[in-house]
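**Student:** The structure's right below; bear with me while I get my questions together.
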Amino acid sequence: MIFALFCAISAPAQTKQQRYLDYIERYKAVALQHEKDFGVPASITLAQGILESSVGQSKMALEANNHFGIKAYHWSGEVYGASDSLKQVGYRKYGAPEDSFLDHAKFLKGPRYSVLYQLDVTDYRSWAQGLRDCGYAEDVNYPAKLINIIEQYELYALNGGKRLGSGTIVTKQEEEQQPTSDRWHHRKRHNRTAEQNQVEQEQSSEHQQSFTPMRQGRVASSADND
């Protein structure tokens with residue numbers, strides 16, 4: 001009985017793969033620094049890096065140090081995987097993986113993602129959903145994939161956050177007042193006027209309508225960095 005209980009308690013820890021832990025250990029300081037400098041949650045940065053680069057082992061990550069699939073739009077540096085005959089733009093090639101992390105943080109400071117910075121850095125669930133809603137990825141399961149990585153490897157704890165339940169972002173009363181599609185960008189401050197909220201919703205709608213993803217599960221364009 002005691003042995004069975006011990007196994008049950010230990011099971012979650014056994015599901016953690018060493019290559020994930022090594023990736024997190026290597027890049028967590030970079031992710032935390034960019035959270036401080038740019039406001040992108042470290043948990044989100046690491047989860048995206050893990051997912052987009054296949055834990056640093058994708059061909060693009062190994063050959064181009066590109067951990068986030070950022071395409072080479074508006075890019076004067078070296079390009080990876082471009083093809084004139086197929087009219088493929090290619091991807092940005094970096095000197096080191098850390099350069100890719102920095103570019104990712106700058107990319108998310110584009111106007112298309114500005115609504116995300118209304119969220120707390122510990123609100124990884126809203127950030128994950130918000131990235132897709134803003135057009136970062138076409139994959140409907142993209143938010144769930146990020147959340148699973150964050151929760152399995154407890155990335156939410158890196159910046160002092162805690163694990164969030166699926167119903168902890170918006171209270172029941174607030175849910176009744178908001179359209180379902182707008183719940184992810186619920187503001188933590190409650191002293192805003194109806195006029196301010198309306199302006200923000202219109203701006204968010206404009207950002208989403210002006211974006212057409214070009215590649216499922218990848219950053220489609222850096223045009224919003226201009």
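**Student:** Subtracting the Cα-Cα distance from 0.36 nm times the residue separation, let me have the gained length for Lys106 to Asn148 in nm, one decimal. Provide the component values of the computation, followed by the final result.
**Tutor:** Values: separation 42, 0.36 × 42 = 15.12 nm, distance 2.47 nm.
Length difference between fully extended and current span is 12.7 nm.
**Student:** If I model a spin label at Leu21 and Asp99 as a point 7 Å from the Cα along the Cα→Cβ vector, what separation in nanometres do I get?
**Tutor:** 3.2
**Student:** Here is a follow-up. By a straight-distance test (C-alpha under 19 Å), which lysines pair with Lys93 as possible cross-link partners, with residues fewer than eight away in the same chain excluded?
**Tutor:** Result set, ordered by chain and number: Lys59, Lys71, Lys106.
**Student:** Right, here's the next one. Ranked highest first by average number of other Cβ atoms within 10 Å, how do 91-102, 24-35 line up? Walk me through the intermediate numbers first.
**Tutor:** Numbers: 91-102: 19.5, 24-35: 17.6.
Ranked by mean Cβ neighbours within 10 Å, highest first: 91-102, 24-35.
**Student:** Still on this structure, I have one more. Assuming R0 = 41 Å, what is the FRET efficiency of Ala29 and Glu138, from their Cβ-Cβ distance, to the nearest 0.05?
**Tutor:** Working: r = 31 Å, r/R0 = 0.76.
About 0.85, to the nearest 0.05.
**Student:** What Kirkwood hydrodynamic radius do you get for region 50-142 when you take the inverse of the mean 1/r over all pairs of distinct Cα atoms, in Å?
**Tutor:** For region 50-142, the Kirkwood estimate is 14.4 Å.
Read-outs: derived from the displayed coordinates by stated rules, not from any lab. The model shown is predicted, which means the values in this text are computed figures rather than measured ones. With ideal geometry, Cβ positions are generated from the backbone for all residues, glycine too; neighbour counts draw on all protein chains shown.
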